[in-house]
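Before any comments, here is the structure.
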Amino acid sequence: EDLKMPHIATWWCGQRAARDEVLARLDEVAIEGAYRRGVPGFDSNGPVLASELDAADRQRLVDAITARGMDYVGQEVVRLSTMPVWEQGLLTPRPFVLRVFAAATPDGWAIMPGGFCRIAEQADARAVSMGDGARAADVWVVSDKQVPTATLLPATDKVRIRRIAGVLPSRAADNLFWLGRYLERAEATLRLVRALGSPSGPNKGTAASAQSAERIQRLLVAWGAISQTSRAAAGRITAEALQGEERFGSALSLVRAAQRTATSLRERLSPDAWQVITEMAERLAYEVEDDDSVLSAAELTLQELASFAGLAQENMNRAAGWRFLDIGRRIERAINTTRFTRQFAYDEAGDEDLDILLTLVDCQITYRSRYLLAPILAPVRDLAVLDGYNPRSVAFQVTTLNEHIAAL
C-alpha cells in the first residue's frame, strides 16, 4: 500500500517564515543541525530540546538561530510506539523506530518485507531520545503458510576447485602493504634502540661511543622516534624511542598502527599472526622502569616480529595478498638499510660504526665467517648494499620487488 504516515514535520530556519515559526514554537520542537549531526555551538551528538535548556543556553540558541538560521532546522517532537524487551529478567517497554528497505524494480519501487528496528535504551518515548547507544533488532514477517526455501550456496556435489579466493580488493591490498611497512619500520626502530643501549659488537663490553650514539640519535630524530628536545636533554632516549605515545616513529606507535591496520584484515590473518601483533602492542604499552627493561622489551618484541615474519612466510597463501604484504616489508627494509649505510658506512667510518651497521642489518655472523677480520669499509658496504645472497641487503630487496611486480 501507499505509505499512510507522513514525514515528521521539519522547518529549515534558512527561510524567514520557517525560522519565525520555529522561534514561536521553540518549546514544542527539537533543534538539529542542518548540515551535520548535532547542533552547532552545542556539545551534542543529536537534537536539542529548548524546553530542557536553562535560560542562558536557551537565549544563546535563539540568538544563534536568528543570526545564522541556515545552519539549523526545527523538527516536530513525536512520541514513539514501544515494544517489549527482555531486561534483567523482566519484559520492559522501550521506544523503537522501524526501518524498512525499498528496492528499485522495473515496475517501480517495492518495499521489502521485514527490516530492522532501533530500540532506545531509555524509557523516554520521544523521537529525539533515539541517539547513540540504541540497540538493533531484526524484524521478521511471519507467514501463515509454508515458504519455499532458497539458497545461493552451491550444492555440495558441484563445488568447483579454487586456488585463488578471487580478486584482491584494493583496500585490502593497501592495508597489507602498510601492515608490512609498519612492522618493518618498528623493527628498524627497535634495532636502533638496542644498538644505542647495548654493547655495539660481540667483543665490546660498553655501549655505543658518543660519536656512534650521536649518529643513532640522528636517525631516531629523523624518523620521529624521539624529539630534538629529548635528544638534547639525553636521559631516557631509548625509553622514548621504545614507547613514546606522542612520537609517531616510536616502536609503540608503529606497532599500534600495524594493529589498527591488521584489524581490518582479520579474515586474512591467522589467529597466531593476530595474537603476535596484539602481544607486541600490549608489551610495548607496559611502562619500563630502567635501561635493562628497555632492552629486554626491545629484544622480546624483535623476537615476536621475527615470529610474525615466519608466520607470513610459511603459513600465508602465496596469492596477491601475500605479495603486497611482502612488497611493503621489502620497500621499508631497503629504505632503512640505505639509511643505516649512509650513517655508518661513510668514507671515513671506523671499526665501531661499521660494527654497528653489521649489527643493524643482522650480518655479524655472515661477515665474520667470510672475512675473519675486523670490519673493513668495502666488504661491509658490499654486504649491506650489493650482496644478492643477503636477505637484508638493498640488492636483495630490489630483486624480490621485481619478482613480485612481475608476478602481479
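Quick note: the coordinates plus some simple rules give every number you see, no bench work behind them. Just so it is clear, the structure is predicted and the values come from calculations on it, not from any experiment. No Cβ is skipped: glycine too gets one built from the backbone with ideal geometry, and neighbour counts run over all protein chains shown.
Calculate the FRET efficiency for residue 227 and residue 136 from the Cβ-Cβ distance with a Förster distance of 41 Å, rounded to the nearest 0.05. If you can, show how the numbers build up before the last one.
Details: r = 45 Å, r/R0 = 1.11.
For residue 227 and residue 136, the calculated efficiency is 0.35.
In nm, give the distance between the simple-model label positions of residue 317 and residue 211, each being 7 Å from the Cα along the Cα-to-Cβ direction.
Going from the residue 317 label point to the residue 211 one covers 5.5 nm.
Local charge sum around residue 338 (other residues, Cβ-Cβ under 12 Å, Lys/Arg +1, Asp/Glu -1)?
Working: positive: 333, 339, 342, 381, 392; negative: 332.
Surrounding charge for residue 338 is +4.
Multiplying the sequence separation of residue 266 and residue 1 by 0.36 nm and subtracting their Cα-Cα distance, what value in nm do you get?
Values: separation 265, 0.36 × 265 = 95.40 nm, distance 4.38 nm.
Length difference between fully extended and current span is 91.0 nm.
Can you put 329, 381, 25 in order of Cβ neighbours within 10 angstrom, beginning with the fewest? Don't skip to the end; give the middle numbers.
On the way: 329 23, 381 16, 25 13.
Fewest to most other Cβ atoms nearby, the residues stand as 25, 381, 329.
Could I have the simple spin-label model distance between residue 68 and residue 377, label points 7 Å from Cα toward Cβ, reported in nm to one decimal?
6.3
In which sequence would 221, 62 go, from the one with the fewest C-beta neighbours within 10 Å to the one with the most?
Numbers: 221 18, 62 15.
Fewest-to-most Cβ neighbours within 10 Å comes out as 62, 221.
Could you tell me which label, among (i) 36, 26, 22; (ii) 41, 24, 19; (iii) 59, 32, 19, carries the value of semi-axes √(5λ) of the Cα gyration tensor in Å calculated for this structure?
Checked against the structure: label (iii).
Sorted from fewest to most neighbouring beta carbons within 10 Å, what does the list 70, 112, 316, 5 look like?
Values: 70 13, 112 10, 316 18, 5 6.
By the 10 Å Cβ count, ascending: 5, 112, 70, 316.
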